[in-house]
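The values are calculated or read from the model by the stated rules, or taken from the named source; none is laboratory data. Because the structure is a prediction, the values reported are computed rather than measured. So basically every Cβ, Gly included, is an ideal-geometry build from the backbone, and we count neighbours across all protein chains shown.
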Amino acid sequence: MNKLAENEDGLSLVELLAVLAIGSMILLFISTIHIFIQNQYNTQSADVRGLTDITVAMRAITKDIRSADMVETYEDFKQLIISVEGKETSYRFKNEILEKNGDPYIYDLEDFEVTSEASKIKIKMISLTGKQAITEIAIRGGE
């Protein structure tokens, strides 16, 4: 015990610098991994959000069309008008936003296409993240 109490050498400057360099490298490595994981999370969250939005919108539009008395499509204006028991609901795409009855419904859309052939309506939505949903609805006893 006496021998340890008398030894007052401490740390040399070289040892201190080595500890600081190794500690800095470890912290840099950990922070790089943390930033990478955070970026992956943000990217995947945006993808899921985009897919969820267009999926929910597609289900709502499909439900409206299936219960409709009359459906009109305007391909040039990227617009769909659905009439149910005299009440009209319109969907229109402009400036990356799908509007429902003039109010914003889905944001961050790259494209919204609606086409009508005979008794079928084809709808295609693409989000800004590249996720897309496509459906084709047959209208029974309609136009």
**Asked** What residue, of ASP53, ASP64, ASP47, ASP69, is touching a residue at least 12 places away in the same chain (Cβ under 8 Å), more than 27 Å from ILE139 (Cα to Cα) and acidic (Asp, Glu)?
**Response** ASP47
**Message:** Which condition from (1) of a type in the set (D, E, K, R); (2) in contact with a helix residue (DSSP H, G or I) (Cβ under 8 Å, 6 or more places away or on another chain); (3) over 23 Å from ASP47 (Cα atoms) is the one that ASP108 breaks?
**Reply:** (3)
**Message:** Quick check on my filter: what residues within segment 111-122 are surrounded by 15 or more Cβ atoms within 10 Å (Cβ to Cβ) and either over 13 Å from MET58 (Cβ atoms) or more than 19 Å from the chain's Cα centre (by Cα) (or both)?
**Reply:** VAL114, SER116, ILE121
**Complete:** Only one of ILE30, ILE54 is among the β-branched types (Val, Ile, Thr), farther than 19 Å from GLN132 by Cα and modelled with pLDDT of 90 or more, namely ILE30
**Request:** Select from segment 125-143 the residues that are small (Gly, Ala, Ser) and assigned to a strand (DSSP E or B) and write down the one among them that is modelled with the lowest pLDDT.
**Result:** ALA138
**Request:** Sort out which residues of segment 86-143 are touching a Gly at 6+ places or on another chain (Cβ under 6 Å) and among the charged types (D, E, K, R), and write them in order of number.
**Result:** LYS131
**Request:** Specify the residue that is farthest from ILE82 (Cα to Cα); the eligible residues are those in segment 111-124 that are hydrophobic (A, V, I, L, M, F, W, C) and in a strand (DSSP E or B).
**Result:** PHE112
**Message:** Tell me whether segment 99-110 contains one or more residues that are in a strand (DSSP E or B), under 15 Å from THR62 (Cβ atoms) and free of Cβ contacts under 8 Å to residues at least 12 places away in the same chain.
**Reply:** yes
**Request:** Take segment 77-98 and flag every residue that is part of a strand (DSSP E or B), surrounded by fewer than 16 Cβ atoms within 10 Å (Cβ to Cβ) and charged (D, E, K, R).
**Result:** LYS87, GLU88, LYS94
